[in-house]
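I have placed the structure first, in the form of structure tokens, so that the comments after it can refer back to it.
All of the numbers you see were taken from the coordinates with simple rules; none came from a lab. Keep in mind that this is a model prediction, so the values were computed, not measured. All Cβ positions, glycine included, derive from the backbone under ideal geometry; neighbour counts span all protein chains shown.
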Amino acid sequence: MNKGPSVRRVLQVHTRYRQPGGEDQVVEAERQLLEDAGLEVRQVIFDNADLRESESIAGDLRLAASAIWSRAAERRVRTAIKAMRPQVMHVHNTFSAASPSIYSAAAANGVPVVQTLHNYRLVCPAAVAFRDGRACTDCVGLPIALPAVVHACVRGSRTQSAVAGATIAVHRALGTFRHKIGLYLALTSFQRQLLVRGGVPADRIRVVPNFLEPDPGEGTGQRSGVLYIGRLSVEKGIATLLAAAAEVPGQLRVAGDGPLAPSVRDAEPGSIVYLGRLERATVQAELRRAVAVVLPSIWFEGFPLVVVEAYAAGTPIIASRIGSLAEIVEDRITGMLARPGDASDLAASMRWAVDHPDEMAQMGVNARRRYEARYRGSMHLTALLETYVAAGAAGST
């Protein structure tokens, strides 16, 4: 990078969800990483919490139109570009407060765009490729995502599903995703393949995983039990987790919150310890003392930050053999893989982990090495800077 062109000014654009999540953490972590490397970073942050539910048909139409093309968002980004004159605009989430109109603001000013794909939004209106308790790709590759509308995939609303589907369809037709975004960043090869199936140009997608910096250090003390940390929701496989815990009583600690928190609190007495929502320092302590972290997801995931955090702590992962997780976790090397939705198979893996501490400790050593080799900030910074330069070069040809 030192011998070629360089990028020194970056404009970050992101829309926060109503419920804070991993994407918000990644945006801030990348900002800090870039600034620590001496780059100037400015942010334009939108917030879906600012959107108010409409109480009229006219209001619904205005919200829908704004989700497809927000003139206010375009003006805001255009103003930021003129004030900063960035060499690249790095976009994370546009749905729905920002809208894809912001890409036109960059194109009008000759600013190349890099888009991180944290989820499956460009091929699935609900962004999660999950419906009715299973992974779903019914809309992938369709010109119009009618299944999502029929099944009310976005927040249980056919109207909101239609708006999300229309946003994708309109901007495909306009060529927004093909002509106004220089390069895409996918988190895993699995995610990249699914997006290509959905029409995202294969030659525009680079795989750049999530990262963790600063290094929190690995655990060195006595380990016991297995740990789940994350959102307590259907797609995370919580029902499978609770059923498995009942077969291995007293070995599972659960940390997190979400719609299924009542089910966790009401779990079979003695089967789990519910820790609730934890502060950051406590999360790190829990990761360091667990024999393994359990990820029983029944959807495709993106790249859960808890995987990198566990690997950094020298803690292996017991994950579902599905989607990106089957790529990130190497079976019997950095953890173990179980059949998604199969409580007995998950319980068997949890029981084996508790009964074989030496083998799990070696997997933990491997997990730590994997973190050091792939998920440190220095690797992520190099990948970002190379992508920024490549996006600029592509835009000038």
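Points worth noting:
- Just checking the listed ones, LEU325, LEU39, LEU183: in the Gaussian network model of the chain with Cα springs under 10 Å, the one fluctuating most is LEU39.
- Difference of contour (0.36 nm per residue) and Cα-Cα distance, GLU40 to SER344: 104.3 nm
- Across all directions, the shadow cast by the convex hull of the stretch 301-391 built on its C-alpha atoms averages 6.3 square nanometres.
- Cα centroid separation - the stretch 319-351 against the stretch 161-202, whole Å: 29
- Dividing the helix sum by the residues of the chain, where each DSSP H run of 4 or more adds -39500 (n - 2.57), gives a mean residue ellipticity at 222 nm of -13000 deg cm²/dmol.
- 10 Å Cβ shell holding at most 10 others, DSSP loop, trypsin sites (Lys or Arg not before Pro): longest site-free stretch of the chain: 53-397
- Candidate membrane-span-like segments in the chain, meaning DSSP H helices with Cα atoms spread over at least 15 Å of their own axis and a Kyte-Doolittle mean of 1.0 or above, are 57-68, with no membrane implied.
- Compared with the alpha-carbon gap, the fully stretched path from ALA246 to VAL234 is longer by 2.5 nm at 0.36 nm per residue.
- Paramagnetic label zone (point 7 Å from Cα along Cα-to-C-beta, HIS356; backbone N under 20 Å) in the stretch 269-306: 290-296
- Positive minus negative residues near LYS180 (Lys, Arg vs Asp, Glu; Cβ under 15 Å): +3
- Summary of the geometry: the stretch 355-394 and the stretch 78-102, compared by the centres of their Cα atoms, lie 28 Å apart.
- Measuring r between the beta carbons of ALA281 and VAL207 and using R0 = 35 Å, the FRET efficiency lands at 0.65.
- Per-pair calculated FRET efficiency, R0 = 45 Å: ASP138 and GLN32 via Cβ, rounded to 0.05: 0.70
- Here the gap between ARG158 and ARG197, fully extended at 0.36 nm per residue and compared with their Cα-Cα distance, gives a gain of 11.6 nm.
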